[in-house]
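A.B. asks: Quick one: the structure is below, and I'll ask about it shortly.
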Amino acid sequence: MDVVSGFSRTATAGRTTRQYLGFDASTQSLSAVVIEVAGDGPARVVLETSLNFDEALPHYGTAHGVLPRTDPASAASSPVMWAEALDLLLPRLAGAGLEPARLAAISGSAQQHGSVYLTGGAAAALARLDPSQPLAPQVGPMLSRPTAPIWLDATTAAQCAEITRAVGGAAALAARTGSRAFERFTGPQIRKFAADDPDGYAATGRIHLVSSFMASLLAGGHAPVDPGDASGANLMDLRERRWWEAVVDATAPRLAAKLPAIAPSWTIVGRLSPYWQTRQHLPAAKVVAWSGDNPCSLIGVGLVREGRVAISLGTSDTLFGLMREPRVDPSGTGHVFGSPTGDYMGLTCFSNGSLARERIRDTFGLSWADLSRILSSTPPGNEGRVLIPWFAPEITPPVPAPRLHRYRLPADDAAGHVRGVVEAQMMAMALHSRWMGVAIDTIHATGGAAVNTALLQVMADVFGADVYRSGVSNSAALGAALRAWHADALDEGRPLSWDEVTIGIAQPDAARRIAPHAHAHRVYGRLLPLYAACEAHALGRGPDPTEALAALQG
Ligand code: XUL
């Protein structure tokens with residue numbers, strides 16, 4: 001084995017075998033995925049591991065990664081805890097699959113929107129971290145605010161309204177930044193901190209997103225933020241990929257000087273700092289800009305062309321996919337973020353996901369197997385019976401309080417409700433993703449409910465698209481590792497296409513295809529406008545479509 005510029009070469013085919021490390025700093029845990037690439041690939045996963053904050057770091061007292069709170073609307077976490085997690089997780093990797101001599105580059109994914117407030121002296125402190133001491137006590141003194149507000153926080157309605165007013169309204173803000181003002185987004189959070197703690201704000205030299213903070217810890221200096229995560233701040237001009245001066249000025253005093261630079265997602269922000277080299281015996285691997293978890297998942301589930309979207313069926317359901325153009329949702333519920341490919345991505349969130357499916361299951365005393373059986377044995381279109389299943393406040397369309405609506409559906413009709421809830425969810429997703437202007441031909445289904453083939457058949461039939469069950473477990477960390485590979489190859493003058501990067505690892509197995517049935521898709525073609533009319537009626541914006549639904553039955 002000869003060693004070339006710090007990297008080992010294998011004898012096989014004389015090609016370099018390299019490893020890439022991807023982190024995912026999520027709300028509840030820090031995870032890592034290591035991939036290995038021989039020559040030009042494809043990549044394979046050699047290690048996947050995770051550290052749960054509540055369990056591994058109980059002294060912070062977090063519940064599901066959130067610090068103790070009295071106001072249920074507020075949610076903060078601890079940047080010191082994240083630093084400690086990094087210090088604990090890295091040494092676990094070596095020996096478990098990570099071969100330090102092969103480690104070429106590291107990148108990461110992080111929960112979006114959260115913000116970390118550092119003092120003016122932090123840059124110097126980051127550059128001279130002492131490897132003989134743990135990281136956490138060295139990070140504490142760098143913070144001008146001990147805690148970081150995160151995406152679960154919903155305390156900034158007043159700031160959202162003020163910022164919206166200052167830039168000329170919600171449509172103007174969404175057109176420029178990709179989203180209207182959201183309470184969890186970074187800009188409104190910064191405005192609140194500046195008003196609540198002016199001294200703390202004045203002592204702040206740099207406001208990082210979680211992603212750029214973690215990258216800064218690895219590189220030993222302030223890292224830039226990528227457009228994927230910066231677009232979750234309500235502060236970035238989506239097309240220009242730079243901070244939008246008007247909204248930055250409207251958000252907080254002297255904010256422009258406190259924000260990190262925005263750099264392309266494939267930027268090498270530095271090398272693993274001497275702290276990590278000495279403390280963990282790691283090489284001076286390249287540190288690639290981190291991004292948000294949604295942009296990283298886009299890569300991790302292989303959504304590298306327009307027309308391919310992911311539907312994540314979890315507590316809430318989320319639909320996201322790549323867009324070549326930065327089209328914006330006129331209804332204001334969808335988000336447009338930067339994509340790590342240099343394009344854009346649309347994301348729409350539906351809060352009544354598993355929650356609504358479970359409510360129907362429990363109300364009628366059914367099992368998941370019963371649900372599947374009913375879906376397989378009842379006709380598409382539910383014979384013109386429609387359920388609007390807003391068991392909890394809904395994000396898309398915005399519905400502030402729970403409410404249920406039934407059209408031609410008797411309250412005791414169990415089978416009608418089972419088909420009704422799944423059809424309503426799929427039609428809502430089809431309807432409320434139209435703003436992306438993308439013809440959806442392929443869906444990668446992820447999340448707990450993606451195990452249900454009968455449910456995925458309804459998805460295929462409603463969208464008229466091929467559905468694949470995604471086999472990837474930690475799509476965000478995998479996406480980060482793949483991004484590290486992509487950036488390293490580009491840096492070495494061997495650029496790879498995103499198809500080359502994701503093939504055979506992030507793209508699902510063709511044998512798992514669930515194809516749409518032509519007849520069922522035709523039925524949904526007729527039902528979709530009627531479903532839209534039911535939604536409009538339920539929201540008090542249109543006539544009752546019951547009669548038109550009866551016609552569908554025939
Ligand atoms: C997206 C969002 C969440 C977080 C979760 O807008 O708030 O998906 O990124 O980590």
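A.B. asks: Kindly state which helices (runs of 4 or more DSSP H) lie completely within the stretch 166-259 and contain at least 1 residues that are buried (at least 20 other Cβ atoms within 10 Å of the Cβ) and polar (S, T, N, Q).
C.D. replies: 170-177, 186-196, 210-219, 245-251
A.B. asks: Can you name the residue in the stretch 85-99 that is at negative phi and open to solvent by 40 Å² or more (accessible area, probe 1.4 Å) and, of all such residues, is nearest to the ligand (Cβ to nearest atom)?
C.D. replies: Within the stretch 85-99, the match that is nearest to the ligand (Cβ to nearest atom) is Leu88.
A.B. asks: Let me ask something else about it. Kindly indicate whether any position in the stretch 110-120 is closer than 30 Å to Ala38 by Cα, open to solvent by less than 10 Å² (accessible area, probe 1.4 Å) and touching a residue at least 12 places away in the same chain (Cβ under 8 Å).
C.D. replies: Yes, the stretch 110-120 has at least one match.
A.B. asks: In addition: Do we find a residue being crowded, with 23+ Cβ neighbours inside 10 Å, of a type outside the set (Val, Ile, Thr) and assigned to a loop (DSSP other than H, G, I, E, B) anywhere in the stretch 533-544?
C.D. replies: no
A.B. asks: Out of the residues in the stretch 303-321 meeting the condition of being within 16 Å of the ligand (Cβ to nearest atom) and touching a Leu at 6+ places or on another chain (Cβ under 7 Å), tell me which one is nearest to Ala465 (Cα to Cα).
C.D. replies: Among them, the one singled out is Val309.
A.B. asks: Is it the case that the stretch 413-425 has a residue that's open to solvent by 10 Å² or more (accessible area, probe 1.4 Å) and not in a helix (DSSP H, G or I)?
C.D. replies: yes
A.B. asks: Then there is this: Determine whether the stretch 1-21 contains at least one residue that is more than 16 Å from the ligand (Cβ to nearest atom), hydroxyl-bearing (Ser, Thr, Tyr), modelled with pLDDT of 95 or more and open to solvent by 30 Å² or more (accessible area, probe 1.4 Å).
C.D. replies: Checked against the condition, which is being more than 16 Å from the ligand (Cβ to nearest atom), hydroxyl-bearing (Ser, Thr, Tyr), modelled with pLDDT of 95 or more and open to solvent by 30 Å² or more (accessible area, probe 1.4 Å), the stretch 1-21 yields no hits at all.
A.B. asks: Restricting to the stretch 133-156, what's the tally of residues that are open to solvent by 60 Å² or more (accessible area, probe 1.4 Å), within 16 Å of the ligand (Cβ to nearest atom) and more than 22 Å from Gln28 (Cα to Cα)?
C.D. replies: The total comes to 0.
A.B. asks: Is there a residue being open to solvent by less than 40 Å² (accessible area, probe 1.4 Å) and within 16 Å of the ligand (Cβ to nearest atom) anywhere in the stretch 271-291?
C.D. replies: Yes, the stretch 271-291 has at least one match.
A.B. asks: Could I ask something else about it? Tell me, please, whether a residue that is polar (S, T, N, Q), buried (at least 24 other Cβ atoms within 10 Å of the Cβ) and within 24 Å of Leu282 (Cβ to Cβ) can be found in the stretch 124-132. Can you show your working first?
C.D. replies: Keep residues of the stretch 124-132 that are polar (S, T, N, Q), which gives 132.
Next, from what is left, pick out any that are buried (at least 24 other Cβ atoms within 10 Å of the Cβ): none.
No, there is no match, as no residue in the stretch 124-132 is polar (S, T, N, Q), buried (at least 24 other Cβ atoms within 10 Å of the Cβ) and within 24 Å of Leu282 (Cβ to Cβ).
The values are calculated or read from the model by the stated rules, or taken from the named source; none is laboratory data. Everything numeric in this text was worked out from a predicted model, so none of it was measured. Cβ coordinates were reconstructed from backbone atoms using ideal geometry, including for glycine residues, and neighbour counts include every protein chain displayed. Note: areas computed on protein heavy atoms with side chains; ligands, DNA, RNA excluded. Shrake-Rupley method; radii C 1.70, N 1.55, O 1.52, S 1.80 Å.
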